[in-house]
Amino acid sequence: MSRSWQWATLGEVCDLATGGTPSTHNKSFYENGEIKWLRSGDVHKRDIHDCEGRITAAGMASANTKFLPLNSVLIALAGQGKTRGTVAMLRTQATCNQSVVSIMPIDEQSLLPEFVYWYLRSKYHEIRRLTGDDGNDRRGLNMRIIRGLNVPVPSVTEQQRIVAKLDELSEIHAELASCYASAFEQTKAVWISALNRELEPKDWWTPVTLADVATFHNGRAYKKEELLASGKYRVLRVGNFFSSDSWYWSDLELDPTKYCVHGDLLYAWSASFGPRIWDGEKTIYHYHIWKVVEDSSLIGRMFLKFWLEADVERVKAASGTGTTMMHVSKGSIEAREIRVPPLSLQRAIVEKLEEVQKRLSLLVDVHSKRLEAAQNLRRSVLAAAFRGDL
């Protein structure tokens, strides 16, 4: 740290404020509300100009909450996943619930809100560790902890210089992230096109239902007390397909059909539904997942997996919602018609699709590594900025 910088606690140099939640049993507190009302999940952008939540003036009064200072720093006290400890700048008139704290410098001539924002952002992981950060920890931050956080107070000129540098870097990172997102969507579109092209049914392929060629096994519905912090088996939930940092465990010994092992074909039928190949160890899979066991004399596993993947788009189109936030019933999936070519042709189709998949994965990896390099640069610059080395 720069030895010339002064230090203070947030409570010494900032006004802190939070809000409340109007009773959800009183519709008049929410219906036709025009007052913006923030929750912890809204604190996910650099600048907040709007939010989904709305309350009425009566709701605002009932919760004893007030408008937050414009251009103040917001920090999420609680929330699932990565929300806790996330910071943002408030750029609109809004209130909030009790899971968000507004931080506003008492004297903006000596401490800039944007400087506080960048400093707290640089300390994100340290702040989370104040209440535990093991993935399953649900403890939140609180006003006492936030007030006690130390913040550097260099000269305003130095603050302005650091903020300008970090803002510039943030814009570059945002452009790279946008390019990566665009490239990912393009590769996804190419993949869907390849699936549809190679799996387009021919008249001479055998028409059957999925129930004719595969068995869909139900996962287990757990009671809350059965989900453990540690145990013999991990419990695979839909969210674990996308993030492996939050797991439940079980010691239960179940029917063999309730376990999945490496290479099994699974199908998530709730929320982000679709097929997955499990690449982990022996695991219990949750009720929102089916294990799909193919009749290998009729259909190959990867051919079935690719067909189910292409079918996700057809199910979405048929639903008319265009969203993956939906449920698929076991009966409806088993009744879906599929045309099956001979096994030799299935293997040839799978080889073509796996080659396409390999090439697209290489493209995604290139963009992903570039984005990761930009993220690492941003983290190192953030750290250097508040050591006085920028």
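The values are calculated or read from the model by the stated rules, or taken from the named source; none is laboratory data. Given the structure is predicted, the values throughout are model-derived calculations rather than measurements. Every residue, glycine among them, receives a Cβ derived from its backbone with ideal geometry; neighbour counts consider all protein chains shown.
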Subject >> Boolean, Leu68 is surrounded by 13 or more Cβ atoms within 10 Å (Cβ to Cβ), at pLDDT 95 or above and under 26 Å from Val381 (Cα atoms) >> reply: no
Original post:
Considering segment 190-212 alone, what residues qualify as being free of Cβ contacts under 8 Å to residues at least 24 places away in the same chain and closer than 28 Å to Ser329 by Cβ?
Top reply: Glu200
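Of everything in segment 299-323, what is surrounded by 15 or more Cβ atoms within 10 Å (Cβ to Cβ) and modelled with pLDDT under 90? Give them in sequence order. Quick ask: steps written out before the conclusion?
In the first step, residues of segment 299-323 are kept if they are surrounded by 15 or more Cβ atoms within 10 Å (Cβ to Cβ); the result is 299-312, 315-316.
Matches in segment 299-323: Val312, Val315, Lys316.
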Original post:
Taking into account only those residues within segment 161-185 that are of a type in the set (Ser, Thr, Tyr) and under 24 Å from Leu360 (Cβ atoms), which is surrounded by the most Cβ atoms within 10 Å (Cβ to Cβ)?
Top reply: Tyr180
**OP:** Output the strands (runs of 3 or more DSSP E) that fall wholly within segment 146-237 and possess 3 or more residues being under 26 Å from the mean Cα position of the chain (by Cα), or say none.
**Re:** 233-236
**OP:** Answer yes or no as to whether Leu266 is surrounded by fewer than 18 Cβ atoms within 10 Å (Cβ to Cβ) and not assigned by TED's automatic domain parsing to the domain that holds Gly81.
**Re:** no
Original post:
Within segment 238-279, can you find the residues that are hydrophobic (A, V, I, L, M, F, W, C), at pLDDT 90 or above, assigned to a strand (DSSP E or B) and over 13 Å from Gly219 (Cβ atoms)?
Top reply: Trp249, Leu265, Ile277
**OP:** Could you tell me which of the residues Thr65, Thr56 is in the same structural domain as Gly140 (by TED's automatic domain parsing), of a type in the set (Val, Ile, Thr) and touching a helix residue (DSSP H, G or I) at 6+ places or on another chain (Cβ under 7 Å)?
**Re:** Thr56
Original post:
On the given criteria, is Gly81 crowded, with 19+ Cβ neighbours inside 10 Å, modelled with pLDDT under 95 and not hydrophobic (A, V, I, L, M, F, W, C)?
Top reply: no
Subject >> Candidate set from segment 1-53 (those that are in contact with a helix residue (DSSP H, G or I) (Cβ under 8 Å, 6 or more places away or on another chain) and of a type in the set (Val, Ile, Thr)); member that is nearest to Ser99 (Cα to Cα) >> reply: Thr18
Original post:
Taking strands (runs of 3 or more DSSP E) that do not extend beyond segment 1-120, which have at least 2 residues that are over 28 Å from Arg387 (Cβ atoms)?
Top reply: 14-18, 35-38
